[in-house]
Amino acid sequence: MTSGSERAVAGWLLACCALVFAMVVVGGITRLTHSGLSIVEWQPIVGTIPPLSDADWQETFRKYQQTPEFKQVNPDMTLSGFKRIFWWEYVHRLLGRLIGAAFLLPFLWFAFRREIPRDLGWKLAGVFALGGLQGALGWYMVRSGLVDDPRVSQYRLTAHLGLALLIYATMLWIALDLLYRRMVSPPGLRRFSAALAALVFVMALSGGLVAGIRAGLAYNTFPLMDGHLVPPEILSIEPWYLNFFSNMATVQFDHRLIAWLLAFLAPWFWLRVRRAAAPPRARLGADLFLVTLALQIALGIATVLNAAPLTLAAAHQAGALLVFTAALYTAQALR
């Protein structure tokens with residue numbers, strides 16, 4: 001694999017990462033605008049074309065009117081109101097199809113030109129398989145809100161987000177490996193950076209649970225949670241372990257706790273990188289990680305204090321990806 005083909009493959013993967021980034025943000029907006037249940041069928045091919053005529057719109061709206069969300073939440077919704085939520089979900093699904101094409105077609109082209117080594121080819125084929133699984137998981141998530149309770153399962157929502165982050169991380173890591181040669185780094189810093197990237201991933205998953213049960217609409221104070229360091233109702237659900245997935249107090253407390261932990265660890269990591277014989281790119285990564293985390297924590301506080309308005313909540317979700325990107329960049333630089 002020549003240096004030119006390595007740069008070309010890396011550039012393609014980074015473009016796919018940008019599309020996944022946009023996909024995650026649009027997915028967050030789709031959830032925040034309660035648009036995710038507006039399309040009640042999974043049609044990977046036919047569904048690429050939106051309703052084009054009045055009759056098509058009436059038929060699509062009629063199908064939505066049969067859902068629990070319309071009957072229980074939006075019984076007064078008009079066709080014009082339905083169109084507003086439809087387009088967010090449509091764009092979200094269209095982005096998914098675009099990502100699939102943007103990944104598969106260049107992959108086949110590079111493979112045809114024999115510019116991808118066999119071991120890398122299998123890795124990229126695995127990424128494509130994960131993308132197909134992600135589409136199926138997205139529909140599995142939507143289906144959970146088309147039954148009696150017009151809300152998607154927080155477990156499926158979090159799994160859907162987690163798989164998106166995994167796909168993003170894999171493509172980014174491969175691209176960085178192609179662009180940059182490995183440098184000698186202190187092993188302690190390598191482990192530290194990997195642990196921080198893993199912790200950011202866990203924090204993002206906890207954010208998925210917050211979103212899934214709409215815990216951001218409760219405990220809209222900071223730094224205390226309605227006057228308590230630890231909310232008294234934190235273990236109010238039986239059996240106890242369900243509190244970590246279904247209790248607003250517990251889920252939001254856990255999300256805050258991880259943020260506090262990162263707020264302590266990030267400056268410590270930054271100081272260690274600065275004092276150690278770390279590569280210049282790792283120092284840049286540590287700077288970016290510290291800055292993006294500070295911005296993300298500020299966005300999180302503002303989102304909580306304002307009960308998760310659309311703009312702040314969407315920015316907070318985008319911020320999570322920026323922090324994750326900086327953590328992965330730093331970990332790869334120290335590899």
Ordering of 15-24, 202-211 by packing [mean C-beta count within 10 Å, highest first]: 202-211, 15-24
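Given +1 on the Cβ of Lys and Arg, -1 on the Cβ of Asp and Glu, and no further charges, what dipole in debye does the chain carry about its Cα centre, rounded to the nearest 20? Please report the intermediate quantities before stating the final value.
Working: 28 positive and 18 negative charges, 288 e Å.
The dipole magnitude comes to about 1380 debye.
Kirkwood Rh over alpha-carbon pairs of the stretch 1-108, then Stokes-Einstein at 10 °C and 1.306 mPa s: what D in µm² s⁻¹, rounded to an integer?
Numbers: Rh = 15.7 Å.
Answer, rounded: 101 µm²/s.
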Dipole of the stretch 42-198, positive direction: furthest Cα of 42, 146, 185, with charges on the beta-carbon: 185
The chain - convex hull of the alpha-carbon atoms, volume per residue in Å³: 146
Tail fraction, Cα-Cα pairs, the stretch 129-193, threshold 13 Å, whole percent: 71
Computed [θ] at 222 nm, helices only, for the chain once each DSSP H run of length n ≥ 4 contributes -39500 (n - 2.57): -25000 deg cm²/dmol
Highest-fluctuation residue, 14, 178, 261 considered, GNM on the chain with Cα pairs under 10 Å: 261
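Give me the accessible area per residue for the chain, probe 1.4 Å, as a whole number in Å².
Details: 16790 Å² over 335 residues.
It amounts to 50 Å² per residue over the chain.
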Hz values of 3J(HN,Hα) by residue in the stretch 297-304 - Karplus curve (6.51, -1.76, 1.60), Gly and Pro given as x: 5, 4, 5, x, 5, 4, 5, 5
Computed accessible area, residue 140, all protein chains, 1.4 angstrom probe, square angstrom: 110
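Would you tally the net charge around residue 231, using a Cβ to Cβ cut-off of less than 14 Å, leaving residue 231 out, and scoring K and R as +1, D and E as -1? Spell out each step's value before the answer.
Details: positive: 256; negative: 226, 233, 254.
Around residue 231, the charge tally is -2.
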Of 240, 332, 13, farthest towards positive along the dipole that unit charges on Lys, Arg, Asp, Glu beta carbons give the chain: 332
Taking the stretch 99-230 and dividing mean pair separation by its residue count, relative contact order in percent (alpha carbons under 8 Å, at least six apart): 23
Vicinal HN-Hα couplings computed from phi for the stretch 218-234 (Karplus, 6.51 cos²θ - 1.76 cosθ + 1.60; Hz; Gly/Pro x): 10, 6, 8, 9, 7, x, 7, 9, 6, x, 10, 5, 10, x, x, 8, 5
Local electrostatic count at residue 110 - Lys and Arg +1, Asp and Glu -1, tallied over other residues with Cβ under 15 Å: +2
Nearest-10 value in Å² for the accessible area of residue 254, using the 1.4 Å probe: 40
Local electrostatic count, residue 42, Cβ distance below 11 Å [Lys/Arg +1, Asp/Glu -1]: +1
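The values are calculated or read from the model by the stated rules, or taken from the named source; none is laboratory data. Note that the structure is a prediction, hence the values are computed from the model and not measured. Note that we place each Cβ from the backbone using ideal geometry, even for glycine, and neighbour counts take in every protein chain shown. Only protein heavy atoms, including side chains, enter the accessible area calculation; ligands, DNA and RNA are left aside. Shrake-Rupley method; radii C 1.70, N 1.55, O 1.52, S 1.80 Å.
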